[in-house]
Each structure stands twice: as C-alpha cells, then as structure tokens.
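**Student:** Just passing along the structure, written as structure tokens.
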Amino acid sequence: MITVEKGDGGIVVKFPYNKDYIEKIKTINEHRWNVQEKYWYFPDDNGVVKKILLKLNNSPLFITLEFILLIIQENFTKIKFHPKEVYKTFLSG
C-alpha cells in the first residue's frame with residue numbers, strides 16, 4: 001500500500017520497497033528521497049499532485065485528508081465563477 005500525505009511543506013509518499021513504484025516515482029522530476037525517514041518527497045507546486053496521482057493510478061493508495069484537500073485546491077483554482085450565473089441558479093433552484 002502506498003501512503004500519500006501532506007508533510008514537511010510538500011507531499012510525502014511512503015511504501016514498502018517495490019521496484020515498480022520506485023521507477024514510477026523517479027519519472028516525476030521533482031522527487032527527492034529522504035534516507036533517514038525512508039520516504040519520497042515532492043514540493044507542493046507545478047502540478048505535482050496530478051503527476052503523482054497519474055503515475056500511481058493503478059496502485060493501491062491510502063490518501064490522507066490533507067492530500068485530498070490539496071487535490072481540491074489545485075483543481076479549484078482553475079474553475080471560473082460568474083457571479084450573475086451563480087445568483088440566477090440560486091434564485092431558480
């Protein structure tokens with residue numbers, strides 16, 4: 001099982017030794033290996049959340065609530081709201 005969580009100002013990915021997982025993680029340019037704590041670290045920028053999820057999409061994942069919030073935040077900033085349309089929807093609904 002792969003654990004993905006927010007930590008140390010970025011994203012932490014942990015899993016027992018697995019050659020396939022390591023190969024996938026290493027394809028993401030921003031990766032760093034923490035030798036003492038034995039986890040992969042990624043800075044929280046440049047769409048790295050999406051990159052991690054795409055690389056590990058067929059793997060069993062345990063995702064923490066903080067990481068889910070990062071996913072929402074990263075995608076929410078791309079949504080454009082039009083106040084008049086929101087107001088019309090609210091009145092009609």
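**Student:** Mind giving me the nanometre distance, one decimal, between the label points for LEU69 and ASP44, set 7 Å out from Cα along Cα→Cβ?
**Tutor:** Those two pseudo-labels are separated by 0.8 nm.
**Student:** Now, a different point. Would you mind computing, in nm to one decimal, how far apart the modelled labels at LYS14 and VAL35 are, each placed 7 Å from Cα along Cα→Cβ?
**Tutor:** Modelled inter-label distance: 2.0 nm.
Each value in this text was obtained by applying a stated rule to the coordinates, not by laboratory testing. Here the structure is a predicted model, which means the values were calculated and not measured. Note that we place each Cβ from the backbone using ideal geometry, even for glycine, and neighbour counts take in every protein chain shown.
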